[in-house]
Amino acid sequence: MKTLQVFYLAMATVLASCSSDDDNEQFPANPNIAFYTMSSTATVTLPQPNVYQGYMRGNIVNNKFFSESFFNPATFEESTIQLFHYTGDLLTSYETGYTWESYYYDNQQRLAATTFGDDTMQTLYRRFIYQSDTQVFAEILTQPYDAPDTQILERYVLTLDGNSNIIAAGPDNDLDGTIDQVNHFTYANGNLISAELYNGSAQTHSYSGVVNNFSVLSDNTYGKQNARLMQAQLYGGASFYPKPEHNRNIETQEFESGQYEVLPNGYYRKSFRSYQYEGGHTDATCEFFFQ
């Protein structure tokens, strides 16, 4: 415990130097994020009292996800793993050691296909066919997209607006090129505010004025449209839940359940949340540092 506390104190000194508190500090509308840190303290009483602490630093390059660093309090050593790999500006692979995903693009640099795998030998092949600037077929295949004998297992028809939001989606079960049942989605200010599903269910959502920093990083990393195309099953299925990273701002309920230090440009510098559960609680802090 003491060694970790010493580390946190040292890190606080170093990190503070990366974030100025000068009265003349400028807050651009689209700031560059240098990195973020996530720390947690879990206090448990069952089966016996104990305290567990963790720390992670997310390293950002060109305002995109890049790598994660972890600190070992027993050895004072830090280890870093690169998760996101790029060719030029395009994300070409994501690897954790347990899961991996490769991304392929057409000659217009549009996302053409993905291949996902994990250490249990499960694989998922996806292909994206652009019918127009606003309509895309998202398909799940039996084999990689460029295999001559690959077959379509599922197809979803997606309609997008001019801001790369999915406004309509549903399955094409008979593969005739037309949607069979349609889910409709409505947006305002970059946020999903309502969903009407083809099974008759509906939902509405409200948002705070605080920018979701992780949403910005996700859209920069994958590309806003690509990030949504890869969730075709979610948008086109019979059940739907909004993905926080697909909305510009933090949902009202999420914002009210935590504490945020918000900057004048709407981004937040720090968030704190306490989770209560049977046998203990966890305090979690996330802090962003800007260039």
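Viscosity 0.890 mPa s, temperature 25 °C: what is the translational diffusion coefficient of the chain from Stokes-Einstein with a Kirkwood Rh over Cα pairs, rounded to a whole number of µm²/s? Walk me through the numbers on the way to the answer.
Details: Rh = 21.5 Å.
Reported coefficient: 114 µm²/s.
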#### Entry: Other-chain or far-sequence residues with amide H under 5 Å of residue 207's (modelled H)
252
#### Entry: Sum of -39500 (n - 2.57) over DSSP H runs of 4+, divided by residues of the chain (222 nm, nearest 500)
-4000 deg cm²/dmol
### Task
Pop the C-beta distance of residue 44 and residue 70 into the FRET formula with R0 = 25 Å and round what comes out to the nearest 0.05.
0.75
### Message
Less than 12 Å apart at the alpha-carbon level, and either on another chain or at least 8 residues along: which aspartates and glutamates does that give for residue 270?
### Response
261, 287
### Summary
Note on the range 90-152: alpha-carbon gyration tensor, axes a ≥ b ≥ c; rule is a/c under 1.5 for rounded, else prolate if a/b larger than b/c, else oblate; result oblate
### Task
Please list, in chain and number order, the residues 5+ apart from residue 86 or on another chain whose amide H is under 5 Å from its amide H, with Hs placed from the backbone.
92
### Task
Whole Å is fine, so just give me how far the alpha carbon centre of the range 78-113 lies from that of the range 177-236.
22
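What is the packing order of peptides 207-218, 176-187, 40-51, taking the mean over residues of other C-beta atoms within 10 Å and listing the highest first? Show your work: numbers first, answer last.
Numbers: 207-218: 19.4, 176-187: 15.5, 40-51: 11.8.
Going by the mean number of other Cβ atoms within 10 Å, highest first, we get 207-218, 176-187, 40-51.
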### Summary
Listed by chain and number, the aspartates and glutamates with an alpha carbon less than 16 angstrom from that of residue 64, same-chain partners under 8 positions apart left out, are 89, 95, 219, 245
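Let me have the relative contact order for the chain, percent, based on Cα pairs under 8 Å that are six or more residues apart. Please report the intermediate quantities before stating the final value.
Numbers: 563 pairs, mean separation 49.8, N = 291.
After rounding, I find 17 percent.
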#### Entry: Packing-based exposure ordering (other Cβ within 10 Å, fewest first) of 230, 121, 38
121, 38, 230
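Laboratory data are not the source of any read-out in this text; all were calculated from the coordinates shown. None of these values were measured; they are calculated from a predicted model. Quick reminder, even Gly has a Cβ in these numbers, built from the backbone with ideal geometry, and neighbours come from all protein chains shown.
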